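Below is one structure; the comments refer to it alone.
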Amino acid sequence: MTVLVNADGTLERAEVNGQINMKSFLTGNPDVKLGLNEDLTINKDEQGYGNHAQLDRCSFHQCVDLREFATTRILTVRPPEGEFSVMTYQVPEDFPISIPFRLITVVNDTDVNRDIDVRLKLRCELPINSHAVNVKLKLPVPKITTNISPQLSGPGQTAVFQSNEKCILWQINKVSGGMEVSGTFRIIAPGRTKSSRLELGPVALDFEISNYVCSGLRIRFVKIFDRSQSLVPPSKWVRLLTLGDSYIFKI
């Protein structure tokens, strides 16, 4: 997921690039049928309806049979052993995407004889039954910064000054849907000038969200058939995952 948010909170860009990966250890070359959203539309020339999922620029592995896909949205896969990408896709730029995080930033740097105070408030816009883990925010600071003094809103959070990269790394173990976390950071930068403010930001966000995808793509079922087309009881695990590839907040 690639997101760029302006300093006033407006969304400048949001892009979703996704894929369906499969890891198979099956023998005997069975067929695996994957059922996707029945109301899924591919490319802008298809007519969709309601709050359906829309995908663009789809490509499929050579082992995928698409003969049923146009009418039933079922992919028939004869998988090679190991892990591979069944399908890659993008979400159209004009499709409304609900971004999972919002950030409010307040910077107090009016007096150059004092340290810079930065307050960050991160709000998780996920459904309340979802959560993100391994959340990391990186805030570049002026090159003359020597240290920071952080105040964090709760447990499960750490903040350090990475002197080699001249940035603050704020790490949060878990953020649930509807939850807000905040941090106040005093940036100790002796001898700074007004232009030092230009070196502050933007904030880069990294995260991992399980059982949630921004594209709306769903896997309705996974079925395995042997060469006689008899249904084989599968040992399967379908995992949904959203990752922040380039998630940037201007400040």
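The values are calculated or read from the model by the stated rules, or taken from the named source; none is laboratory data. Note that the coordinates shown come from a computational prediction; the quantities given were computed from them, not determined experimentally. Ideal geometry is used to build each Cβ from the backbone, glycine not excepted, and the neighbour counts take in all protein chains shown. Calculation scope for accessible area: heavy atoms of the full protein, side chains included, ligands and nucleic acids excluded. Shrake-Rupley method; radii C 1.70, N 1.55, O 1.52, S 1.80 Å.
When 197, 119 are compared by accessible area at a 1.4 angstrom probe, the order from most to least is 119, 197.
Our summary gives the chain a relative contact order of 25 percent, counting only alpha carbon pairs under 8 angstrom and 6 or more residues apart.
Taken about its Cα centre, segment 126-251 carries a charge dipole of about 140 debye when Lys and Arg each add +1 at the Cβ and Asp and Glu each add -1 at the Cβ. Taking Cα centre as origin and charging only the Cβ of basic (Lys, Arg, +1) and acidic (Asp, Glu, -1) residues, the dipole magnitude of segment 1-131 rounds to 320 debye. Rounded to 0.05, the FRET efficiency of the residue 176 and residue 246 pair, given R0 = 22 Å and the Cβ-Cβ distance, is 0.40. For residue 138, the aspartates and glutamates whose Cα falls under 14 Å of its own Cα, not counting residues fewer than eight places away in the same chain, are 165, 199, 206, 245. With contacts taken as Cα pairs under 8 Å at a separation of at least 6 residues, segment 1-98 carries a relative contact order of 36 percent. Counting Cα-Cα pairs of segment 146-209 in 10 Å increments starting at 0 gives whole-percent bin shares of 17, 49, 26, 8, 0.
At an R0 of 35 angstrom, the distance between the Cβ atoms of residue 21 and residue 119 translates into a FRET efficiency of 0.35. Averaging the sequence gap over all C-alpha pairs within less than 8 Å and six or more residues apart, then dividing by the number of residues, gives segment 132-247 a relative contact order of 32 percent. Of the residues 217, 26, the one with the largest accessible area comes first in the ranking 26, 217, computed with a 1.4 Å probe on protein heavy atoms. Think of segment 110-175 as a dipole: +1 on every Lys or Arg Cβ, -1 on every Asp or Glu Cβ, centred on the Cα centre; then among 124, 144, 159, 124 lies furthest on the positive end. Listed options for Cα Rg over 2.2 N^0.38 Å are (1) 1.12; (2) 1.27; (3) 1.83. The value calculated from this structure is the one marked (2). Have a look at 70, 193, 96 and report the one farthest towards the positive end of the charge dipole of the chain, computed about the Cα centre with Cβ charges (Lys/Arg +1, Asp/Glu -1). The one lying farthest along the dipole's positive direction is 193.
Set the bar at 26 Å for Cα to Cα. Now go through 23/136; 136/166; 136/223 and name every pair that lies beyond it. From the list (23/136; 136/166; 136/223), the Cα-Cα distance tops 26 Å for 23/136; 136/223. Largest first, the residues 206, 56 sort by 1.4 Å accessible area into 206, 56. Only the Cβ atoms of Lys and Arg (+1) and of Asp and Glu (-1) were treated as charged; on that basis the dipole of segment 57-121 about its Cα centre amounts to roughly 260 debye. The modelled label-to-label distance between residue 165 and residue 83, using points 7 Å beyond Cα along the C-beta direction, is 2.3 nm.
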